[in-house]
1. Would you confirm whether any residue within region 118-136 is over 22 Å from Val323 (Cα atoms), in a strand (DSSP E or B) and of a type in the set (Gly, Ala, Ser)?
2. Quick one: in region 162-192, of everything that is more than 14 Å from Asp263 (Cα to Cα), away from the ligand (no atom under 16 Å from the Cβ) and open to solvent by less than 30 Å² (accessible area, probe 1.4 Å), which residue is nearest to the chain's Cα centre (by Cα)?
3. Let me confirm something: among Asp237, Asp260, which residue is away from the ligand (no atom under 16 Å from the Cβ), within 30 Å of Ala173 (Cβ to Cβ), free of Cβ contacts under 8 Å to residues at least 40 places away in the same chain and among the acidic types (Asp, Glu)?
4. Filter region 200-226 down to the residues that are in contact with a Phe, Trp or Tyr (Cβ under 9 Å, 6 or more places away or on another chain) and more than 11 Å from the ligand (Cβ to nearest atom) and list them by number.
5. Can you give me the number of residues within region 294-313 that are in a helix (DSSP H, G or I), farther than 12 Å from Gly271 by Cβ and under 21 Å from the mean Cα position of the chain (by Cα)?
6. Just to be sure I understand, how many residues within region 194-212 are assigned to a helix (DSSP H, G or I) and of a type in the set (Asp, Glu)?
7. Only one residue in Val78, Val72, Val54, Val63 is more than 24 Å from His146 (Cβ to Cβ) and touching a helix residue (DSSP H, G or I) at 6+ places or on another chain (Cβ under 6 Å). Which one?
8. Keeping to region 26-44, report how many residues are buried (at least 24 other Cβ atoms within 10 Å of the Cβ) and in contact with a Leu (Cβ under 9 Å, 6 or more places away or on another chain).
Amino acid sequence: MDIGLVTEGEIFPLPGRGRPAEKLDLRPESAYFVGIKLTGDTLYAAVTDLHASVVATEEHKLVSRDVQDVVVLIAEMVDRFRAGFRRVAAVGVCSAGDVEIVNGHGVLIGSNFLGWPRVHLEELVEAATGLPTTIANDVMALTVAHHWFGAGVGCRSLAVVSFGAGIGSGLVANYQLIRGANGRSGKVSHIPVTADGPVCDQGHVGCASAYVTIPAILRNAGTTSFNETLERFEKGDDRAVRAIKNAGKALGTVVAQIADLLDPLKVIITGEGSDVARLADSELEAALESRRDPAAGRVGVEVYPFHFSDYAWAAAISAIRQVLETER
Ligand SMILES: [Zn+2]
């Protein structure tokens, strides 16, 4: 599909591609992209131009998790965006869960927060909107977004660790996202952290999920919301302080494992729970130092402040990427 995105210049070469905007002269307003992040109860949407700048956002509570209902909600929203923005070129959707490519189309697998075991979401959204659609795992989409336009631009190797309701990581090696054999790379949820302590939903004692996810932090702190936990931490409440510090230690352990395996130039920590990395920075740093192979050297760790619309922004970038790669 040639939609006239490029004004001049050569098509960028594959090796070393990091940020298309640096290599292509793209008219930002020549096309718009709708990015959507689905959680178990909310749809976050962002519209970006071709330079990945967000020009509009919307947020909708899901009144139903029925697949058709969600697809209709997406289609209605995309229609509204198309009325406001000329040339919406593509749609990107991301969610927790894995994406398997079946006959060239993305199938969302194991999206537990939505209760969707296996959904042909790409084809459904494409049929409902009439627009090219791409679906992605949310952390992988966020990783590509940071690599192309965000905090990881230009990094030959990069890791993004994001945590909130769960924890996941996205990995870039030699400028390419690592998808693995089945689109399931970067699983860090159950990395062992301590020999004793709390138990995760899989029955592991002291794994990352038993400490770092927000549900685990609330359980360990005896609180009912993340904000309440942060407030109690600030007041020096013992249990909240311990929960946050242990989460920082677990996070440091996860980052150490990733850093030893990948040797990234930078690790970006983000997600709904990323305040933990700031509040427990010394625990994170100490775990990172003690768990890394001493021969592996240091790694840059950057905490990136997060809002849920970041995932929608990332999903839009997945759509940009798909269109640019189709044009190439
Ligand atoms: Zn576990």
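The values are calculated or read from the model by the stated rules, or taken from the named source; none is laboratory data. Quick caveat, the model's predicted, so the values are computed rather than measured. No Cβ is skipped: glycine too gets one built from the backbone with ideal geometry, and neighbour counts run over all protein chains shown. These area figures cover heavy atoms from the full protein model, side chains too; ligands, DNA and RNA do not enter into them. Shrake-Rupley method; radii C 1.70, N 1.55, O 1.52, S 1.80 Å.
1. No: region 118-136 contains no residue that is over 22 Å from Val323 (Cα atoms), in a strand (DSSP E or B) and of a type in the set (Gly, Ala, Ser).
2. Among those residues, the one meeting the criterion is Ser162.
3. It is Asp260.
4. Within region 200-226, Ile214, Ile217, Leu218, Asn220, Ala221 qualify.
5. Result for region 294-313: 3.
6. The total comes to 0.
7. Testing whether each residue is more than 24 Å from His146 (Cβ to Cβ) and touching a helix residue (DSSP H, G or I) at 6+ places or on another chain (Cβ under 6 Å) leaves just Val78.
8. Looking only at that region, the number is 6.
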